[in-house]
Amino acid sequence: MKISIEVNGQAKSLEVEGRTLLVEVLREHLGLTGTHVGCDTSQCGCCTVLVDGQGVKSCTMLAGQADGSKITTIEGLGGNALHPVQVAFTECHALQCGFCTPGMIMSVTSLLSRYPNPTDEQIIEGLAGNLCRCTGYANIISAVRQAAQAMAGSPA
Ligand code: FES
Ligand code: FES
């Protein structure tokens, strides 16, 4: 089947099989390997991308389901500069091995689009689908708060 998607601002038309997953399109067809695969079973959140602005685990979405959507991956999140969430993760030392980090950052971006000034409960709920084996959660939560403050102070 043929699908048309916009990925990081670029229109893409691709021929895929009905069983092809969105994460396969991103990593294997388009070479966007910043989206990681940890579990392949919707458990870890490493594969999270934005689909029409919402965080989605791309190992759980068929490419055909994404037809017509705007997709943002970690490579396109900040444009030519680092996104405030990426800056906050760096400054708060919110990563250790970094494997979970692209998915975490996309989930945090999705969370902050829904809740620009999230409560602790909203942060915990927003990150519930993302696992960090290095247990960097305290610094990750600090990064979410810092990014929220930075984004509140920047023009929309
Ligand atoms: S690889 Fe998609 S949730 Fe783990
Ligand atoms: S930083 Fe290593 S899994 Fe999260």
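The values are calculated or read from the model by the stated rules, or taken from the named source; none is laboratory data. Just so we're clear, the structure is a prediction, and the values are computed from it rather than from any experiment. In this analysis, Cβ positions are derived from the backbone assuming ideal geometry, glycine residues included, and neighbour counts consider all displayed protein chains. Keep in mind that these areas ignore ligands, DNA and RNA; they rest on the heavy atoms of the full protein, side chains included. Shrake-Rupley method; radii C 1.70, N 1.55, O 1.52, S 1.80 Å.
Annotations for the structure displayed:
Here is a yes/no grid of residues against (1) within 16 Å of ligand 1 (Cβ to nearest atom); (2) within 17 Å of Asn130 (Cβ to Cβ); (3) open to solvent by 40 Å² or more (accessible area, probe 1.4 Å):
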position	(1), (2), (3)
Gln10	no, no, yes
Glu24	yes, no, yes
Leu30	no, no, yes
Gln43	yes, yes, yes
Thr48	yes, yes, no
Thr60	yes, yes, yes
Gly64	no, no, no
Gly68	no, no, yes
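- Here Pro102 meets the list (1) without any contact (Cβ under 8 Å) to a residue 60 or more places away in the chain; (2) within 16 Å of ligand 2 (Cβ to nearest atom); (3) open to solvent by 10 Å² or more (accessible area, probe 1.4 Å) almost entirely, failing just condition (1).
- Checked against (1) surrounded by 16 or more Cβ atoms within 10 Å (Cβ to Cβ); (2) touching a Gly at 6+ places or on another chain (Cβ under 7 Å), Ser113 passes all but condition (1).
- In the range 82-98, the residues that are at positive phi form Cβ pairs under 9 Å with partners that are more than 10 Å from ligand 2 (Cβ to nearest atom) and not basic (Lys, Arg), at six or more places apart or across chains, as follows: His93/Ser142; His93/Ala143.
- The range 60-87: number of residues that are within 16 Å of ligand 2 (Cβ to nearest atom) and of a type outside the set (A, V, I, L, M): 1
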